[in-house]
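Structure, as C-alpha cells:
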Amino acid sequence: MTNKKLHRVVLIPGDGIGPEVTSAAQKVIEATGVSIKWDVVDAGAGALEKHGDTLPEDTLDRIKEIKIALKGPLTTPIGGGYRSVNVILRKTLDLYANVRPVRSALGISIHHNPIDLVIFRENTEDLYSGLEQDIAPGVAQSLKIITEKASKRIAEAAFQWARKNNRKTIHAVHKANIMKKSDGLFLDSVRQIAKKYPEIEHKEIIVDNCAMQLVMRPHLFDVLVLGNLYGDIISDLVAGLVGGLGVVPGANYGDEVAVFESVHGSAPDIAGKGIANPMATILSATMMLNYLKEEKASARIKAAIVLFLSEKKHLTPDLGGNSTTDEMVDGIIRKIMLLR
Ligand code: NAI
Ligand code: MG
C-alpha cells in the first residue's frame, strides 16, 4: 500500500490541546503503515517553563536540519509578554505561504452547496512584523509592512497551485481603497503575477465585502490570496462554515522547509479534558503525507474521515457529539482499516 521508506519528521506537541491532537495524528498515520521517526521538540509556553526559552535553539536547529515538522498550537500571551513564537518560527524559517484548504466534505457544513476553497495567506510580514511603539501617552503605533517581493511570492504560490490543481478563479482580498500604498502594492503585485496565468480568472474583492460574501455565498469562491492579517481572520471565518476550527488543516511552506499545523490555537478552554477535535491536525498530517510523497496513505485517511463523518457517530462536542478525542481517533482508524 505504501512504500516502506522511513521518514523523519520533527514533532512539536505544543501547548493546550496540542499534545492531545498531535498524538491523535501520529496514531492515525501509524494505522496507514507509513513509518515515521519523530524528533520531538519543545516550543511555546511549555518550552518556557522547561527550558526558560519559548523557542529553544535545538528546536530551530532540528527543523532546519530535517526540514519538515508537524506542529501543535502554541499559546501567545495577550497584550504583553513574549512575542508570538508562531510568527517568529514562520519568519525565521521563511515559511512564506500559509495554505489552508477548507472543504465541507471534510467537516459539517452549514450550507447546502458544497464548499471547497483554498486560502493562500502571506505569512511573513504585514501587521505581524512586530514593529510597535508607544509614540505619546495614549497613542500607540503598529507598522504594517508590505513588500513587492513577499506579495509576488504568495501570489505565485497561489497561481501555481491553482494551475496544477485545475482551479478556475483566484480572488485577491484587500483594503486598497483605504490603505492605498500598502494594500495597493499587494494588489498590484498580484496583478502582475496573474498575467502569467491567463487561464485562471483573476478577481479582486475588498475584505469586508469578502467576509459577507463568504458567509452568504461561499461556493462562489475557489482560491483566495490574502495578506497576513486578512488571511488570519478570514481563515477562522470560513472554518465556521464547515464545522469550526476543529476541522480545518493548514501548512506553512517555504522553499526549503514545511511546517504542518491546524488553523486553531491551543484552546485553553478545553485543554486537558480529552475532548478536542483531532480532525484539523489529522488533516494537516494528510497534507504532510502528500509532501512526503505518501499520497496513497493521505487519500486513505481523507476517505476514512468522509466515511466516518457520514455516520455522524463518535463526534466530539464541537461537532455536536459527546465523544472523546480518543473515541473519534478509534472511529477514524476503524475506517482506515476498512479501506485497506
Ligand atoms: P483557539 O483556536 O485556541 O480557540 C477558539 C475556540 O475554538 C475555542 O472555543 C476552542 O475551544 C475552539 N477550538 C479550537 N480548536 C478546537 C478543536 N481542535 N476542537 C474543539 N474545539 C476547538 O483560539 P483562541 O482561544 O483565540 O486562542 C488560544 C491561544 O492559541 C492563544 O494563546 C493564541 O495566541 C493561540 N493560537 C495559536 C495558534 C497557533 O499556534 N498556530 C493559532 C491561533 C491561536
Ligand atoms: Mg489565526
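The values are calculated or read from the model by the stated rules, or taken from the named source; none is laboratory data. Fair warning: this is a prediction, and the values are worked out from it, not measured in the lab. Glycine also receives a Cβ, built like all others from the backbone with ideal geometry; neighbour counts cover every protein chain displayed. These accessible areas exclude ligands, DNA and RNA; they are computed on the full protein's heavy atoms, side chains included. Shrake-Rupley method; radii C 1.70, N 1.55, O 1.52, S 1.80 Å.
Of note:
- Debye intensity ratio in log₁₀ form over the Cα atoms of the range 1-148, taken at each q of 0.12, 0.14, 0.16 Å⁻¹: -0.69, -0.90, -1.10
- Dipole magnitude for the range 110-241: computed about the Cα centre from +1 point charges on Lys and Arg Cβ and -1 point charges on Asp and Glu Cβ, it is near 560 debye.
- Taking the convex hull of the alpha carbon positions in the range 32-87 and averaging its projected area over all directions gives 4.8 nm².
- The percentage of C-alpha pairs in the chain whose separation is greater than 31 Å is 32%.
- The string of couplings for the range 214-223 from the Karplus curve (6.51, -1.76, 1.60, θ = phi - 60°) is 5, 6, 8, 9, x, 5, 7, 9, 10, 10 Hz, one whole number per residue in order, with x for Gly and Pro.
- Relative contact order (%) - criterion: Cα under 8 Å, at least six apart; region: the chain: 22 percent
- Reachable aspartates and glutamates, given that their alpha-carbon falls under 19 Å from the alpha-carbon of residue 180 and they are not under 8 places away in the same chain: 122, 125, 126, 148, 188, 204, 208
- Under 5 Å between amide hydrogens, built in the peptide plane, is the criterion, and for residue 321 it picks out 316 among residues at least 5 positions away or on other chains.
- Here residue 51 sits with roughly 100 square angstrom of accessible surface, probe radius 1.4 Å.
- Restricting the range 255-340 to GluC sites (Glu not before Pro) in coil, as DSSP defines it, with at most 15 other Cβ within 10 Å: 256, 311
- Carbon plus sulfur fraction of accessible area for the range 110-241, probe 1.4 Å, in percent: 56 percent
- Approximate shape of the range 110-241 as ellipsoid semi-axes (Cα gyration tensor, √5λ), whole Å, largest first: 27, 19, 12
- Within the listed set 46, 72, 18, the Gaussian network model of the chain (springs between alpha-carbon atoms below 10 Å) gives the highest mean-square fluctuation for 46.
- Per residue, the chain exposes 45 Å² of accessible surface when a 1.4 Å probe is rolled over the protein heavy atoms with every protein chain present.
- Gyration tensor (alpha-carbon) shape descriptor, the range 164-252, a/c threshold 1.5: oblate
- Normalised by 2.2 N^0.38 Å, with N the number of residues, the alpha-carbon radius of gyration of the range 286-340 equals 1.19.
- Given charges at beta-carbon only (K, R positive; D, E negative), |dipole| of the chain in Debye: 1340 debye
- Using a Gaussian network model of the chain in which every pair of alpha carbons under 10 angstrom is joined by a spring, one finds that among 283, 292, 187 the greatest mean-square fluctuation is at 292.
- The GNM of the chain, with springs linking C-alpha atoms under 10 angstrom apart, assigns the highest mean-square fluctuation among 220, 11, 89 to 220.
- Cut-off under 5 Å, modelled amide H: who pairs with residue 68 long-range: 10, 258
- Distances between placed amide hydrogens fall under 5 Å for residue 124 paired with no residue 5 or more residues away or on another chain.
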